[in-house]
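Student: Mind having a look at this structure? Questions to follow.
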Amino acid sequence: MKPMIPSMGGREMGPVYARYIETMPYGLDVVEVGAWLGAGTYELAAAMRDNGHTRTNGGAKDESSLHCYDWFVATKQCIGKAAGVHKYRPGIAVDGLGDSIKLTAGQDTLPLVRKYLYEFPFIQFHKGDINNLEYSGHKIGVLVVDAAKRGPSFRRLMAKLEPHLVTGATVFFMDYWFDLYKPGAGTSCQAEYVKASGKYTHLKSYKELCCEVMVYG
Ligand SMILES: C[S@@+](CC[C@H](N)C(=O)[O-])C[C@H]1O[C@@H](n2cnc3c(N)ncnc32)[C@H](O)[C@@H]1O
């Protein structure tokens with residue numbers, strides 16, 4: 001049974017991710033920056049499995065991996081946000097089996113995330129500060145950016161990952177503030193980056209999901 005992972009939009013993005021992973025060429029990896037508790041990770045992984053990107057459950061040289069990056073630490077802000085948006089009681093989420101989990105600020109969430117995603121041995125978890133992210137996987141066919149959305153952090157992240165994108169890669173930019181000015185948070189939002197780069201073609205907006213889909217190259 002699919003676990004009811006607390007989501008800040010990742011679960012709701014499932015059908016959208018599936019649509020684009022369906023057409024991803026074989027032998028490429030998928031990268032998710034900002035996994036939180038793995039709701040979107042689950043959707044990405046299920047779409048990869050269902051579309052034959054992971055024939056042998058991990059390990060084969062030409063087989064795809066899903067790389068997810070996060071602190072994997074429960075912050076007060078994230079707990080409150082998910083509780084508000086998705087109507088969970090603060091700190092509490094209920095999974096598909098009716099069990100409940102308690103999130104405490106500062107908790108290492110990686111053991112819980114691994115448990116949620118145990119079905120997918122081809123996921124590589126990268127715990128730590130995204131500002132120090134290193135990537136050494138296959139070329140990237142699908143990239144989801146749901147963290148490090150402002151200024152230098154975002155540009156640093158793209159400088160690290162962009163060289164690994166294949167031409168035609170699908171990039172999901174997730175940010176409510178995509179083309180809005182956020183006072184006090186710097187003006188260098190994702191839309192400005194994309195426009196200045198000239199390397200992205202806009203495919204579709206899912207405003208209700210805070211998502212802009214772009215093709216790279
Ligand atoms: C908006 S949430 C991701 C939500 C998730 N994609 C979902 O749909 O449920 C952003 C995530 O980015 C992580 N994050 C933000 N800045 C980070 C950093 N500098 N290093 C590591 N993780 C970071 C947070 O820990 C948080 O889990």
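Throughout, read-outs are computed from the coordinates displayed, never taken from laboratory work. Since we're looking at a predicted model, the values are computed, not measured. Methodologically, a virtual Cβ is constructed for each residue, glycine included, from the backbone with ideal geometry; neighbour enumeration extends over all protein chains shown.
Student: Give the peptides 103-112, 65-74 in descending order of average Cβ contacts within 10 Å, highest first.
Tutor: Those peptides, ordered most packed to least, come out 65-74, 103-112.
Student: For a quick check: with amide H placed at 1.01 Å from N, whose amide H comes under 5 Å from His67's, ignoring anything fewer than 5 positions away on the same chain?
Tutor: Result for His67 returns Val30, Val31, Glu32, Gln124.
Student: Let me ask something else about it. Show me, for the stretch 170-181, the HN-Hα J-couplings you get by feeding each phi into the Karplus relation (A = 6.51, B = -1.76, C = 1.60, θ = phi - 60°), rounded to Hz, glycine and proline as x.
Tutor: So the Karplus estimates, Gly and Pro as x, are 8, 10, 9, 9, 10, 6, 4, 8, 2, 10, 10, 7 Hz.
Student: Sticking with this structure for a sec: Can you pull the Kirkwood radius for the stretch 1-72, inverse mean 1/r over Cα pairs, to one decimal in Å?
Tutor: One over the average 1/r among Cα pairs gives 12.5 Å for the stretch 1-72.
Student: For the chain, what is the percent of antiparallel DSSP beta bridges, rounded to the nearest 5?
Tutor: 45 percent
Student: With the cut-off at 25 Å, tell me which of the pairs Lys115/Lys207; Lys102/Lys204; Lys160/Lys195; Lys76/Lys204; Lys149/Lys207; Lys2/Lys102 have Cα atoms farther apart than that.
Tutor: Table pairs above 25 Å Cα-Cα are Lys115/Lys207; Lys102/Lys204; Lys76/Lys204.
Student: Residue separation times 0.36 nm, minus the C-alpha to C-alpha distance between Lys199 and Arg156: what's the value?
Tutor: My answer for the length gained is 13.8 nm.
Student: What percent of all Cα-Cα pairs in the stretch 134-217 falls into each 5 Å bin, going from 0 up to the bin containing the maximum distance?
Tutor: Pair shares across the bins are 3, 15, 27, 28, 18, 7, 2, 0.
Student: Given just the C-alpha atoms of the chain, how large is their convex hull per residue in cubic angstrom?
Tutor: Convex hull of Cα atoms, per residue: 117 Å³.
Student: Another one. Residue by residue through the stretch 122-131, which ³J(HN,Hα) values in whole Hz follow from phi under the Karplus form 6.51 cos²θ - 1.76 cosθ + 1.60 (θ = phi - 60°), with glycine and proline marked x?
Tutor: Running phi through 6.51 cos²θ - 1.76 cosθ + 1.60 with θ = phi - 60° gives 8, 8, 10, 8, 10, 9, x, 6, 4, 5 Hz.
Student: Using a 10 Å cut-off on Cβ atoms, rank the peptides 6-14, 39-47 from the highest mean neighbour count down.
Tutor: The packing order, highest mean first, is 39-47, 6-14.
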